[in-house]
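Visitor: Below you will find the structure I want to go over with you.
The values are calculated or read from the model by the stated rules, or taken from the named source; none is laboratory data. All of these numbers come straight from a predicted model, not from anything done at the bench. Note: ideal-geometry Cβ built from the backbone for every residue, glycine included; neighbour counts use all protein chains shown.
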Amino acid sequence: MSAVLNPPSGAGKPSPLPQPTTANSPAAANAAAASFAALTARLDYLDASDIEQVRLAYRFADEAHLGQLRNSGEPYITHPIAVAAQCAEWKLDAQALMAALLHDAIEDCGVTKPDLIERFGAPVAELVDGLTKLDKLQFTTREESQAESFRKMLLAMARDVRVILIKLADRTHNMRTLSDVPREKWARISSETLDIYAPIAHRLGLNQTYRELQDLSFRHLRPWRYAILSKAVSKARSRRRDLLQKVQREVEAAFTAAGVRVRISGREKTLYSIYRKMDEKRLSFAQVTDIYGFRVIVPTVTECYTALGILHQMYKPVPGKFKDHIAIAKLNGYQSLHTTLVGPSGVNVEFQMRTEAMHVVAESGVAAHWLYKASEPGGATSERLGTKWLQSLLDIQYETRDAAEFWDHVKVDLFPDAVYVFTPKSQIMALPRGATVVDFAYAIHSNIGDRTVAAKINGEQVPLRSELKNGDVIEVITAPVSTPNPAWLGFVRTGRARSKIRHHLKTLAQTESQGLGEKLLTQALRAEGMEKLPDDDASHQPIWDKLLRFTGNRTRAELLTDLGLGKRIASIVAKRLMTLMTEKGERPNALLMSRERYTAHETVSQGAVILDGSENASVQYAPCCRPIPGDGIVGYLGRGEGLVVHTDHCPVAKRLQHKDSERFIAVEWSDEPTRTFETGVVITVSNGKGVLARIAAALAAAEADITHVDMGDEAAQDATDLRFVIAVRDRAHLDAVLRQLKRTPSVLRVQRTAGAQPSH
């Protein structure tokens, strides 16, 4: 994968391949390494037809890379072969091996995806395409959080786990041959490997690859420190050889005496992990005590704990150094018991106890589900894997052989429900799965979220409710006058976006409700004969204080908001306020009182509120009757929901009037409404081709906007009812729309409808 992240690096010593024994010259060695024979020995787990497919992919790759050389002077094909060989170590399937051989073909040789689909089928082409896409991602910043996001993004973008495994094999071979690359590139490639690829290998449980990538990166990033530390470790190794051999002999004797079958092997800390421990804890080499350790592999889980007991009887355990990763497995499926003991001469020695199956998982992690072929899923053998996580993966693989489903399962555990996207400046943002453009805008800044009007994903204009996918580049377009839309609450996923939108709407509703409350109180007070409300100044403060004590509100603003929301009745508050003002010496105006009281609606004791559609949150137009300008209307001050406007013949309003008449106030339409209003129409049509299109065209011709269409759930019959919610200016406009619809072919009947029954 040489495009961006992996410039073709040298292949000086293709170590994963068996070296030809007959080679007498570098040229002969090159030819052997570049031949398919170098790979064949490792493919014995595949059947003959699969090996033939892999051979065809090799031939194609060999032709595509003909004439290309690596920095070391070797034929370029040695690199794809080495990558495929590493994948064969993990026992990956034939498709993955073919993709490994072809992984640089699209990028370097002008081969296209359709070419690969035609030659090798869609699955192989998809794998190669996935690898090419990963190559195009550029890791630019060095921040810790960005590195973490980038790792997650690489994992999330690979829809198939094999893409990541091939990518890691590719990076491993490039690191093994990094010495052939110009020295000025060492630092960048090594840092990237250390920050991105080694942690991915660790996350997927590929322990050997993880350790190798760390050490190779350390060797090229800090050559002097690597050399000094390497020398110190080999000196310490020779000094402690006798001591470690003594420990091993004693331990083996103790297990034999206890009748426990074990396999014991030495384990040495990697140079990079020693260096990091020294660096982080400010230790000298002499102070790093757990460089050496032993791995004890036993047949069953119970025997892991038995082994622990035997060891603790032989040597003293170091307090606080015991970890049970069998009972609580690591996220990547790793299981073992760890304990550090004080051995002979006071040297600390670490022991790890695990079963054979756990060992496979510990070394190969996710790749173990290809490596570890449980003979009977669900039987005793596979139960030994111990971790439910990996077991479920093995089951999925066994039942479905579906790598995509397998990887989805892995992803759930690696990072539950996250998508990783870019800002236009290439910064990575992590958002929950299902997050939309609006969530992204609020994640950047609440001001950007509030003012969002449009967005582009990967340069294309999209609706604000569009869900984000891994790797999307999102650009948000804002306008200074824009405000959050209540409809956004229906699709945003993040708590931050939801709370910011709610906060804004609440503030807006309070401001508007306060304005409406002031209007209602003024009108109610005029009906009591007072021209206007007392001013909000020091001289009138005693009046307001007494009124607030009467209503139980803390502030004047809160009282007016409550009036606007219908939590208080304006006429009752106005009567009390008039009494207080009279006590202060102000006299009611009898003429004003009689004019206000007797020209208004007979059941209402205050003047009418004028509606023009600009009231937003403080006024709702009832969905049960959907009033429009020109309809006779009444206003109901619902408890806590502000003013709800119904048509005067609405059955719901009539019921409320019977029950709660003092909450009704007079409302009137303004002569010039500022917007359109929604109403329902039901259109009965004779069913046929293009009916819906003709009706939509008729509505457009009549300048009515369609806001909702419902065709019902039952199967279409000869005559079908179509229910539309349309936006019109007023009654006259609605009449014109209905006339236009009646003239449309296939329309049998048209009528205005009431909306859904509300739950007052």
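Visitor: If residue 324 passes every condition in (1) within 30 Å of residue 236 (Cβ to Cβ); (2) at pLDDT below 85; (3) surrounded by 14 or more Cβ atoms within 10 Å (Cβ to Cβ) but one, which one does it miss?
Guide: Of everything listed in (1) within 30 Å of residue 236 (Cβ to Cβ); (2) at pLDDT below 85; (3) surrounded by 14 or more Cβ atoms within 10 Å (Cβ to Cβ), residue 324 misses just condition (2).
Visitor: Something else: Can you list the helices (runs of 4 or more DSSP H) lying wholly within region 48-133 that have 2 or more residues being under 14 Å from residue 170 (Cβ atoms)?
Guide: On the way: elements: 48-64, 78-89, 94-102, 105-109, 113-120.
Of the helices (runs of 4 or more DSSP H) lying wholly inside region 48-133, those with at least 2 residues that are under 14 Å from residue 170 (Cβ atoms) span 78-89, 94-102, 105-109.
The rows are residues; the columns are (1) assigned to a helix (DSSP H, G or I); (2) surrounded by fewer than 17 Cβ atoms within 10 Å (Cβ to Cβ); (3) over 23 Å from the mean Cα position of the chain (by Cα).
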{"position": "455", "(1), (2), (3)": "no, no, no"}
{"position": "469", "(1), (2), (3)": "no, yes, no"}
{"position": "483", "(1), (2), (3)": "no, yes, yes"}
{"position": "508", "(1), (2), (3)": "yes, yes, yes"}
{"position": "517", "(1), (2), (3)": "yes, no, yes"}
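Visitor: Taking residue 145 as the residue in question, decide whether it is touching a strand residue (DSSP E or B) at 6+ places or on another chain (Cβ under 8 Å), among the hydroxyl-bearing types (Ser, Thr, Tyr), outside any loop (DSSP other than H, G, I, E, B) and modelled with pLDDT under 90.
Guide: no
Visitor: Between a first residue in region 656-677 that is part of a helix (DSSP H, G or I) and a second residue that is surrounded by 19 or more Cβ atoms within 10 Å (Cβ to Cβ), which pairs have beta carbons less than 7 Å apart while being 6 or more apart in sequence or on different chains?
Guide: 656/636; 663/566; 663/636; 663/637
Visitor: For region 540-562, state whether one or more residues are within 20 Å of residue 665 (Cβ to Cβ), part of a helix (DSSP H, G or I), under 42 Å from the mean Cα position of the chain (by Cα) and not assigned by TED's automatic domain parsing to the domain that holds residue 451.
Guide: Yes: one or more hits.
Visitor: Could you check residue 653 against (1) of a type in the set (A, V, I, L, M, F, W, C); (2) within 30 Å of residue 572 (Cβ to Cβ); (3) not assigned by TED's automatic domain parsing to the domain that holds residue 523 and say which number it fails?
Guide: (3)
Visitor: Please go through region 37-50 and give me each residue that is touching a residue at least 12 places away in the same chain (Cβ under 8 Å) and either closer than 16 Å to residue 86 by Cα or buried (at least 18 other Cβ atoms within 10 Å of the Cβ) (or both), ordered by number. I'd like the intermediate steps shown before the answer.
Guide: Step one: list which residues in region 37-50 are touching a residue at least 12 places away in the same chain (Cβ under 8 Å), which gives 38-39, 41-43, 45-46, 50.
Result: 38, 39, 41, 42, 43, 45, 46.
Visitor: Inside region 485-500, can you point out the residues that are over 20 Å from the mean Cα position of the chain (by Cα) and in a helix (DSSP H, G or I)?
Guide: If we filter region 485-500 for residues that are over 20 Å from the mean Cα position of the chain (by Cα), which is where we start, we get 485-487.
486, 487, listed by residue number.
Visitor: Follow-up. What pairs come out if I take residues in region 168-194 that are surrounded by fewer than 20 Cβ atoms within 10 Å (Cβ to Cβ) and pair them with residues that are of a type in the set (Ser, Thr, Tyr) and outside any helix (DSSP H, G or I) whose C-beta lies under 6 Å away, six or more apart or interchain?
Guide: 180/72
Visitor: Consider residue 375 carefully, then state whether it is at pLDDT below 70 and over 34 Å from the mean Cα position of the chain (by Cα).
Guide: Working: at pLDDT below 70: yes; over 34 Å from the mean Cα position of the chain (by Cα): yes.
When the stated conditions are applied, residue 375 passes them.
Visitor: Related question: Tell me, which helices (runs of 4 or more DSSP H) lie completely within region 195-314 with 2 or more residues that are within 30 Å of residue 165 (Cα to Cα)? Let's see the steps before the verdict.
Guide: On the way: elements: 198-203, 207-221, 223-258, 271-281, 301-314.
By residue number, 198-203, 207-221, 223-258, 271-281.
Visitor: Do any residues in region 439-460 that are over 20 Å from residue 502 (Cβ atoms) have Cβ atoms under 6 Å from those of residues that are assigned to a helix (DSSP H, G or I), where the two are at least six apart or on different chains, and which pairs are they?
Guide: 455/437
Visitor: So is residue 467 modelled with pLDDT of 80 or more and touching a strand residue (DSSP E or B) at 6+ places or on another chain (Cβ under 9 Å) or not?
Guide: Values: modelled with pLDDT of 80 or more: yes; touching a strand residue (DSSP E or B) at 6+ places or on another chain (Cβ under 9 Å): yes.
Considered against the rule, which asks whether it is modelled with pLDDT of 80 or more and touching a strand residue (DSSP E or B) at 6+ places or on another chain (Cβ under 9 Å), residue 467 comes out as yes.
Visitor: If you don't mind, another one. Taking the options 18, 14, name whichever one is surrounded by 18 or more Cβ atoms within 10 Å (Cβ to Cβ), at pLDDT below 80, touching a helix residue (DSSP H, G or I) at 6+ places or on another chain (Cβ under 9 Å) and part of a loop (DSSP other than H, G, I, E, B). Before the answer, list the steps.
Guide: Numbers: 18 fails: surrounded by 18 or more Cβ atoms within 10 Å (Cβ to Cβ).
One residue alone meets the criteria, 14.
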